[in-house]
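The values are calculated or read from the model by the stated rules, or taken from the named source; none is laboratory data. In this text the structure is predicted, and so the values were computed from the model without any measurement. Cβ: placed from backbone, ideal geometry, glycine included. Neighbour counts: every protein chain shown. Heavy atoms of the whole protein, side chains included, go into the accessibility calculation; ligands, DNA and RNA do not. Shrake-Rupley method; radii C 1.70, N 1.55, O 1.52, S 1.80 Å.
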Amino acid sequence: MRRAIAFLLLWLCAPLARPQEPGVKSYDERHQDFAFLTFDELVALSSTAKPEERLPERLNSVLTTPIVHNDASAAAAHPHRPTVHGVGPVVRVGLWNIERGLNFEVIKSALTDTNEFEKFENESKPLTGFQKETIQSQLNTLQNADVLVLNEVDLGMKRTDYRDVAHDLAEALHMNYAYGVEFVEVDPVFALGTEQVHLPDAQQDQRLRQDLQVDRVRYRGLHGTAILSRYPIRNARIVRLPVCYDWFSQEWREVAHIEKGKRWAAHRLFNERISREIRQGGRMALIVDLAIPESPTGEATIVATHLENRCAPACRRSQMEAVLAAVEQIANPVVLAGDMNTTGKKNTPTSVRNEIMSRVRDYQFWIGQAVSYFHPLGIYQHALFPVHYLHGYNDPTAFHMPILWNNRERALFKGVEKFRFSDNRAFDFRGEPERTLKGRSRTLADSNERSVKGFVPTYSFARDYGGLVGRFKLDWIFVKPFVQDPRLTEQSGLFAPHFPNTMRALNESVNDRICDHAPITVDLPLREPTQPVKP
């Protein structure tokens, strides 16, 4: 049994990010105006939900102050402004949950260098000509995005080689960027390495101590959301959202307490590590105003958010309502994008592979451990779903009828559709087929790619049994153009969503995928379209 489980884990795991290049600037040199927490302060935050003296103020500053750099504009970088036949020049907006930046080099090559990316393509599964053509097209589309919203972005975490992921990607892409902190990671054992645990086997114990050892100088423990842009950033702010899950207090209560110096069985320690995330902070929205001359207001506003996964859909809806309240007075075109975790459940569907990749640095060591149970991971999601769940499986916008046709996420989408800005404009829900890649219509079809049934999923398990289970549409783009009715077709197409693209072929073209989420894009015309033609 143990060998079988170890083999399964080895099969599911992917390589970690490569080491950071020497000679890069420190965080303090890059971000002189941002007050990073010291390691001693992080240790203090790991032991209490109510820190004393000036520490609450220092923590609040980290959680409410965005890091903003306009280095690309200062260096005279210009937007790509790709041209789409029949539409003209567009602002292409991309959204990608990059899974902390674990596969950093692959992500960077997908965004910057097609030839470099080809080196990572899965040689064990030769690609057909059609697959190569699709991947090439998606690479070209993604690399021409002038705005990127990135969820799950690390800064100073051991699991991503202490990289400043947003900065490093922005530098490689010659883009400006804003970064907002969602969580400060303060687990005393598995993040900070300040609380020691031991294994009875001396060799295993040595490997464990090496895995848990942290560089206290480089550790910053930040995890958040970034917006990268080739347009200048004029303003950036962070809005903290209602708390739907307390990632500090509830995590301490729901996981076993590891006593200092205690010897643990390997399987118990493994389960503990992959089931707990002790953090300070919570969900937020990063709001950025970009200088876009073609906009009638001279600007466009990008709103990047990441809604809670460990809560019922009703609380996610309250978080979305808070985001909408924060942008109500904005007269610019607005793009609201992010991982909305629209599963209809209290937990994001997950897999052993995702949890290992999210927590473990020395994964080969952990693979060798015996694992007896994984109940904290939601593995029950692998089971077959009842018919009423399949109703909204890939379409959380579908109608809701309790018991018979259950879809608890529908209220979130109805709330977005009914919302009106102070200028009486609305988000675009038209779904006109001529503004989609495959001519599919219905709700949100021109801002989020639809499939034959529902939407093309953006998240999936490494093994999804042909799509029967383990595929979900979690990542969404909502666009406010110059329309007053979310459904009426005869309205302006300026800054309206066109040709959404979900890049599953690109994401799955490398061994074990680039990330657990696929990137998506949408095009916003910079002038009134004449006659949209599918690219």
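Among the residues of this structure, Lys132 counts as one that is free of Cβ contacts under 8 Å to residues at least 60 places away in the same chain, surrounded by 15 or more Cβ atoms within 10 Å (Cβ to Cβ), not β-branched (Val, Ile, Thr) and not in a loop (DSSP other than H, G, I, E, B). Pairs meeting the criteria (first residue in region 320-338 and open to solvent by 30 Å² or more (accessible area, probe 1.4 Å), second residue of a type in the set (S, T, N, Q), beta carbons under 6 Å, at least 6 apart or on different chains) are Glu328/Ser422; Gln329/Ser422; Ala331/Thr297. Applying the condition of being under 21 Å from Asp475 (Cα atoms) and in contact with a helix residue (DSSP H, G or I) (Cβ under 8 Å, 6 or more places away or on another chain) to region 71-95 and asking which residue is most open to solvent (accessible area, probe 1.4 Å) yields Arg92. The residues of region 127-149 that are among the aliphatic types (A, V, I, L, M) and within 10 Å of Arg92 (Cα to Cα), listed by number, are Leu142, Ala145, Val147, Leu148. Could we say that Asn115 is surrounded by fewer than 17 Cβ atoms within 10 Å (Cβ to Cβ), touching a strand residue (DSSP E or B) at 6+ places or on another chain (Cβ under 8 Å), more than 14 Å from Leu222 (Cα to Cα) and of a type outside the set (Gly, Ala, Ser) here? Answer is no for this residue. For region 287-307, what are the residues that are surrounded by 23 or more Cβ atoms within 10 Å (Cβ to Cβ) and over 17 Å from Val90 (Cβ atoms)? Passing the criteria: Ile287, Val288, Val303, Ala304, Thr305, His306, Leu307. Among the residues of region 403-418, at least one is modelled with pLDDT of 85 or more and in contact with a strand residue (DSSP E or B) (Cβ under 8 Å, 6 or more places away or on another chain). Evaluating Tyr177 against the criteria (1) part of a strand (DSSP E or B); (2) within 14 Å of the chain's Cα centre (by Cα); (3) crowded, with 24+ Cβ neighbours inside 10 Å leaves one unmet condition, (2). Restricted to region 49-70, and to residues there that are in contact with a helix residue (DSSP H, G or I) (Cβ under 9 Å, 6 or more places away or on another chain) and open to solvent by less than 50 Å² (accessible area, probe 1.4 Å), the residue that is modelled with the lowest pLDDT is Pro51.
Within region 108-128, is there a residue that is touching a Cys at 6+ places or on another chain (Cβ under 9 Å) and either over 23 Å from His517 (Cβ atoms) or touching a residue at least 60 places away in the same chain (Cβ under 8 Å) (or both)? No, because not a single residue in region 108-128 is touching a Cys at 6+ places or on another chain (Cβ under 9 Å) and either over 23 Å from His517 (Cβ atoms) or touching a residue at least 60 places away in the same chain (Cβ under 8 Å) (or both).
Ser318 meets the conditions (1) within 24 Å of the chain's Cα centre (by Cα); (2) modelled with pLDDT under 95 in every case but one. The failed one is (2). All of Gly94, Gly156, Gly86 fail the test of being at pLDDT 95 or above, farther than 18 Å from Ile520 by Cβ and not hydrophobic (A, V, I, L, M, F, W, C), apart from Gly156.
Is one or more of the residues making up region 262-269 among the aromatic types (Phe, Trp, Tyr), more than 18 Å from Leu59 (Cα to Cα), open to solvent by less than 10 Å² (accessible area, probe 1.4 Å) and touching a Leu at 6+ places or on another chain (Cβ under 9 Å)? Checked against the condition, which is being among the aromatic types (Phe, Trp, Tyr), more than 18 Å from Leu59 (Cα to Cα), open to solvent by less than 10 Å² (accessible area, probe 1.4 Å) and touching a Leu at 6+ places or on another chain (Cβ under 9 Å), region 262-269 yields at least one hit.
The number of residues in region 230-247 that are open to solvent by 20 Å² or more (accessible area, probe 1.4 Å) and touching a strand residue (DSSP E or B) at 6+ places or on another chain (Cβ under 6 Å) comes to 8. Under the condition of being touching a residue at least 40 places away in the same chain (Cβ under 8 Å), closer than 12 Å to Thr489 by Cα and open to solvent by less than 50 Å² (accessible area, probe 1.4 Å), the residues counted in region 420-442 number 5. Look through region 99-112, keep the residues that are in contact with a Lys or Arg (Cβ under 8 Å, 6 or more places away or on another chain) and open to solvent by 10 Å² or more (accessible area, probe 1.4 Å), and return whichever of them is farthest from Glu449 (Cα to Cα). Here the residue is Glu105. Taken over region 195-229, the residue count meeting the criterion of being within 30 Å of Val147 (Cα to Cα) and in contact with a strand residue (DSSP E or B) (Cβ under 6 Å, 6 or more places away or on another chain) is 10. For region 141-156, the set of residues classified as closer than 22 Å to Gly281 by Cβ and open to solvent by less than 10 Å² (accessible area, probe 1.4 Å) consists of Val149, Leu150, Asn151, Val153, Asp154, Leu155, Gly156, listed by residue number.
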